[in-house]
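The values are calculated or read from the model by the stated rules, or taken from the named source; none is laboratory data. All of these numbers come straight from a predicted model, not from anything done at the bench. All Cβ positions, even for glycine, are placed from backbone atoms using ideal geometry, and neighbour counts span all protein chains on display. Accessible surface is based on the protein model in full, side chains and every heavy atom, while ligands, DNA and RNA are left aside. Shrake-Rupley method; radii C 1.70, N 1.55, O 1.52, S 1.80 Å.
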Amino acid sequence: MILAIVRFCLIVFCIVFGAEQPIKGAWAQDRSTSVIWTRLPGKAVDISINSLGQAYAVAPNGTPWRWDAIEQRWRKMSGDFVRISAAVGNRPWAVNAEGVVFRYNGLWWENKDTDVADVAADALGNVYIAKVSGEIKKWNPLRSEWRPMEGQAHRIALDMAGNPWGVTRDGHITAFDGKIWIEMPGRAIDIAIGGDDTAVIADAERRVRIWNRVANSWQVVAAVAGVTAVAATPDGGPWAVITDGAIMATTLLVAPEKIKTEEGKAPEIQAPQAVAPVESAPVAVASGVSAPPATPTTATAPLAQVAAATAPLQTAKGVIASPVALETSATAQNAPNTVAPSSGVSATLDPIAVTTTEDITFVNTQKSASVLAIGRDGSVFGLDAAGNVLRWSNSRKRFESFPGTLVRLAVDADGNPWGISTLGRVFRHTGNLWKQIPNATGSDIAIGADGAVVITDASGNLSKLNDAMTRFDRISGKGLLVAVAPDGTPWTIRSDSLVQRCASSPCDVFAQKAKSIGIGPDGSVYVVSDRGFLMRLGADGSTFDVVRTPGHSPQSVAVGPNGYPWVVTANALALASTFFERDEQSDRAVAASTSGDTAGSGDTAAVVDVSSNTDFIFSKNMTFDTYTTGLDSIEELIVGQDDEVYVYGIPDGQDANKFLKFNSTKKKFEQVSISLDENLKNIDVDSDGAIWIAVNGSVKKLSSTGSVQRTYSVSSGSPRNLSIGADGTVYVVIGQTLYRLKPGTNAFTKFSNDDAYKVAIGRSGDLWITDTSNIVQQFTGTKFENRPLGQSVETQDLGAGTDGSVYITFWDGNKYLLKKWNATNKSFDTVKNVNADMVDVDSDGRPWIANTNEDSNVKRGKD
């Protein structure tokens, strides 16, 4: 009996600890990947896992099951299906045997279409179907309809960019790169893509293969055969359903909190009673850990000692670095130091300067922000898309409004926000008052744990606030974006995106490009690389390692106490690696009692960003894509706050005007059916797709199909122009007067006494107009000023993007020219070799133009 127990323990040890090693390696490095497969209890006909680790299975009898990672058990769902796909927020999509596709709304399944062979969804909200005919369609949630796209598929999956990969009925594999379909080698019967973009197929011989991007081929994942369906975990580990319905897994799933303790040790986990589809439910354990499978005659899985369950960090060159591991008794003595040093701050004196040794895992707050900043006290502030200041509340689990509008943000040691306005003015919050720093302008701002406040300007110069907080004094160093270490040393990102440390002159340059940087009170240095990876400075102090954010593409980072980062994703979601405990009782009172504002007065300056390889880059020699509209003339060209592009005009040989919308998939303009009889002049579209128009004396809000939802009386007179800001503020010019409708209010109010003709709203409410003499002007917080100052530039049209770009069209006496505002030089730069009399700007800063004197085509700035 003793010998049998010893043998059993040895088997469990080999499975649990042996499974970790193959999974640590990169999935697509060798021609044949040998891993340990774990058979999960139960049977299925289809499985699906999204990039957040939410897993679903369809049993042979059609019953769908959802894995509950908190309670560690399967939950039975209603329905009868043959295919299933994990999606956003535990709202899967599924297809039944009759080809009807359904979406689960949290209570019941909603019928969305018929004649469907497969469905694929992701954690970002993208949903595609493959019809029985092979046609591919994408779900448009704003219009609750399917949009067809090119390509054919019988099975379908989505990569991390939301692009579909497909397998045709005859087994051909194709991948859509955002522009064209690419034919892939090999044949398959099913396909899935993991949260790290690892593509997995069940090939024609019923084996599992993964795509090796280096070798440009599919490599076999050995040890399973007879595969009928596949899925992939957030770290790319394949799952498979084999011929008899058995579910096989390489990487298993468990909620992060299940493998953490206060001491940082992995606890012993007793697997819960398994409730399985048909037979028994899969037992999910920590990523990289395998337990012996339960037999069909038992409902309780054996004990599994969970190892330090951490995903390895990858360097920018793809080299596997030491993991940020929970320290266990088995690894504590030999584990390398994988956290950044505390830059000399004594942990015995300052607990927040002690770098965490816990695994960095992120929670999706499901709240939006465009910028984040964290103080040494744990106060988390943010900005929304319109630049409005937000403050995170742990108790209410959301961002709450805080007075002020800014484009750059920092938080001091007392938890008070500082920032820079869209006009480059510098402000600090005193605890009850927004106060402008006199005669100070800048482009970026950061505050160190020692209280040092450093700003940059658009030319890359650094300045530090003096002790009296009355002025900024120039210091050595260069950079456009800045962070400050606990000892007051500035770290910057240069105009060429390289990271540097400016402890002395010249600065020490790192071989790492980035578009965001943050430093915690412990000295941890995080960046978001120019390729969109979250990275942390390693223990060697010279190289950066990737910190995974499964299912999300980081855009910017902020770092708080103990080196815990928060991240803003590319789709403006806030991710938190921890929630900092602090006394929040006075937060609302501080916000309510705050006086002053962030408008200010005096000098203005440019606020500039570091460009990355994913951004649209302005060039005086930029080229354009051309799209035909089929119209005889264009009356309106609009980029809505939904970032869709619309035109309105008269078609050839017809009297009735047409409203067209650009189909970004088909690369052409298509008519939108509008029920309204009135002309759609003086028009804009809000972020929800609602259409706003100005007519005599009033403004109307229409649905996307043209039905009137609300009418606002404004003033008698002829409407001239209408524009909507990122926060939903609506501006309209009637007669010669500019009016404004603030979000949450019910009436337009007069904005200023200045005469106006056209209006455009840029980043954080940056307001531009042309006056009745067509002179372009910018609002300074108290008045409109000509741009450039002291000059009178006549314009035909103007447009502004939420990235800060401002374009005008200009008549030079012979032709119309396109010009872009250069806030650094305080002048307009002419775009060469193109003519335009109409312009608007999308959220990337990309101009859309038309030259109605020549034709009715619309042009779009190329990358």
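Odds and ends about this structure:
- Length gained on full extension, Arg710 to Ala511, computed as 0.36 nm times the residue gap minus the Cα-Cα distance: 66.1 nm.
- At a probe radius of 1.4 angstrom, the accessible area of the range 398-449 per residue rounds to 29 square angstrom.
- Gyration tensor (Cα) of the range 728-793, equivalent ellipsoid semi-axes in angstrom: 21, 13, 9
- Spin-label model distance (nm) - Ser687 vs Thr430, 7 Å beyond Cα toward Cβ: 3.3 nm
- Carbon and sulfur %, accessible surface of the range 628-686 computed with the full protein complex present, 1.4 Å: 35 percent
- For Thr782 and Asp244, the difference between the fully extended length at 0.36 nm per residue and the C-alpha to C-alpha distance is 186.3 nm.
- Mean silhouette area of the range 677-836, derived from the convex hull of its C-alpha atoms and averaged over all directions, reads 10.3 nm².
- Sites Asp844 and Arg582, calculated FRET efficiency, Cβ-Cβ separation with R0 45 Å, nearest 0.05: 0.80
- Net charge of neighbours whose Cβ lies under 11 Å from the Cβ of Lys620, counting Lys and Arg as +1 and Asp and Glu as -1: +2
- For the range 370-423 versus the range 162-195, the spacing of their alpha-carbon centroids is 42 Å.
- Diffusion of the range 46-199 by Stokes-Einstein, at 4 °C in a medium of 1.567 mPa s and with Rh set to the Kirkwood radius over alpha-carbon pairs, works out to 84 µm²/s.
- Taking other residues whose beta carbon is less than 13 angstrom from the beta carbon of Ser476, and scoring Lys, Arg as +1 and Asp, Glu as -1, yields +2.
- Largest to smallest accessible area among Glu581, Glu644 [probe 1.4 Å]: Glu581, Glu644
- Stretching Lys826 away from Glu205 to a fully extended chain increases their span by 217.1 nm, per 0.36 nm per residue minus the current alpha-carbon distance.
- Of the solvent-accessible surface of the range 719-853, computed with a 1.4 Å probe over protein heavy atoms with every protein chain present, carbon and sulfur atoms account for 37 percent.
- Sorting the segments 559-567, 663-671, 366-374 by their mean number of nearby beta carbons within 10 angstrom, highest to lowest, gives 559-567, 366-374, 663-671.
- Under the Debye formula (equal points on every Cα, no solvent term), log10 I(q)/I(0) of the range 753-823 at q = 0.15 Å⁻¹: -0.44
- Residues of the range 347-383 with an amide N closer than 15 Å to a point placed 7 Å from the Cα of Ala539 along the Cα-to-Cβ direction: 355-359.
- A 1.4 Å probe run over the range 720-863, with the rest of the protein chains in place, finds 40 Å² accessible per residue.
- Entries of Lys758/Lys815; Lys750/Lys859; Lys43/Lys137 with Cα pairs more than 25 Å apart: Lys750/Lys859; Lys43/Lys137
- Kirkwood analysis of the range 814-863, using all unique Cα-Cα pairs, places the hydrodynamic radius at 11.7 Å.
- Set of lysines with alpha-carbon distance to Lys478 below 28 Å, sequence-local pairs under 8 removed: Lys317, Lys435, Lys464, Lys513, Lys515, Lys620, Lys820, Lys826
- Ala503-Ser595 pseudo-label distance in nm [points 7 Å out on the Cα-to-Cβ vector]: 4.6 nm
- Carbon plus sulfur fraction of accessible area for the range 206-246, probe 1.4 Å, in percent: 54 percent
- Cβ-based net charge around Gly649, under 11 Å, with every Lys or Arg adding one and every Asp or Glu removing one: -2
- Loop chymotrypsin sites (Phe, Trp or Tyr not before Pro), the range 52-120 (other Cβ atoms within 10 Å of the site Cβ: 15 or fewer; DSSP): Trp108
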